[in-house]
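A.B. asks: Okay, here's the structure, questions in a sec.
FYI, it's all coordinate maths here, none of it is from the lab. This structure is a prediction, so every number in the text was calculated from the model and none was measured. Reconstructed Cβ throughout: ideal geometry from the backbone, glycine too, with neighbour counts over all protein chains shown.
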Amino acid sequence: MEKLTQYREAIVGLLKQYVHSQPQNNIEEHLLTDFEHGHFQVLRSGWADKDTFRLGILIHIQLKPTGKVWILANWTEDDIANALVEQGVERNDIVLGFQPEFIRSYSGYAIA
């Protein structure tokens, strides 16, 4: 349980760095936290112009009850997995869920 709390705090702390308090080009960023189900997202939404509404997930991480941290989406140029390691998450608890399983074995992180 202590590990889950530590990992949850690391995930939320990291994702807060990706949320700007002021909209940029009319696009807002939101930190979504679902502690009950272990899902954490940075979401962008807003009007790109008068006719085009944009909505998209920038980062999506799931913290499983087993303590595994699944990175399900990372549409940044940053190495989110390494940033989590720097926050104290063990490499063998991180899964690059957006990669096929056969590629994960070469990642240096957990396969599943």
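A.B. asks: How much length would be gained if the chain were fully extended between Val19 and Leu31, taking 0.36 nm per residue of separation minus their Cα-Cα distance, in nm to one decimal?
C.D. replies: In short, 3.7 nm is gained.
A.B. asks: When the chain is fully extended, how far beyond the present Cα-Cα distance does Glu2 get from Ile57, taking 0.36 nm per residue of separation?
C.D. replies: Length gained between Glu2 and Ile57: 17.0 nm.
A.B. asks: A further question follows. Name the residues whose placed amide hydrogens come within less than 5 Å of the amide hydrogen of Ala73, ignoring near sequence neighbours (fewer than 5 apart) on the same chain.
C.D. replies: Long-range HN contacts for Ala73: His60.
A.B. asks: Sticking with this structure for a sec: Might you report the magnitude of the Cβ-based charge dipole of the stretch 1-111 about its Cα centre, with Lys and Arg at +1 and Asp and Glu at -1, to the nearest 20 debye?
C.D. replies: Magnitude of the dipole: close to 160 debye.
A.B. asks: For the stretch 2-17, in order, what is each residue's ³J(HN,Hα) by Karplus, 6.51 cos²θ - 1.76 cosθ + 1.60 with θ = phi - 60°, in whole Hz (x at glycine and Pro)?
C.D. replies: Going residue by residue, I get 4, 5, 4, 5, 4, 5, 4, 5, 5, 5, 5, x, 5, 5, 4, 5 Hz, with x marking Gly and Pro.
A.B. asks: May I ask you to evaluate 6.51 cos²θ - 1.76 cosθ + 1.60, the Karplus curve with θ = phi - 60°, for each residue of the stretch 63-69 and list the ³J(HN,Hα) values in order in whole Hz, giving x for glycine and proline?
C.D. replies: 9, 6, x, 6, x, 7, 9
A.B. asks: Still on this structure: The list [x] 1.15; [y] 0.96; [z] 1.01 gives values of Rg/Rh (Cα atoms, Kirkwood Rh), and only one came from this structure; which label was calculated from it?
C.D. replies: Step by step, Rg/Rh (Cα atoms, Kirkwood Rh) for this structure corresponds to label [z].
A.B. asks: What residues have an amide H closer than 5 Å to that of Trp47, excluding those fewer than 5 places away on the same chain, when H is modeled at 1.01 Å from N in the peptide plane?
C.D. replies: For Trp47, the qualifying residues are Arg54.
A.B. asks: Explain nothing, just compute: Karplus ³J(HN,Hα) = 6.51 cos²θ - 1.76 cosθ + 1.60, θ = phi - 60°, for every residue of the stretch 103-112 in order, whole Hz, x for Gly and Pro.
C.D. replies: 7, 4, 5, 9, 7, x, 10, 5, 7, 6
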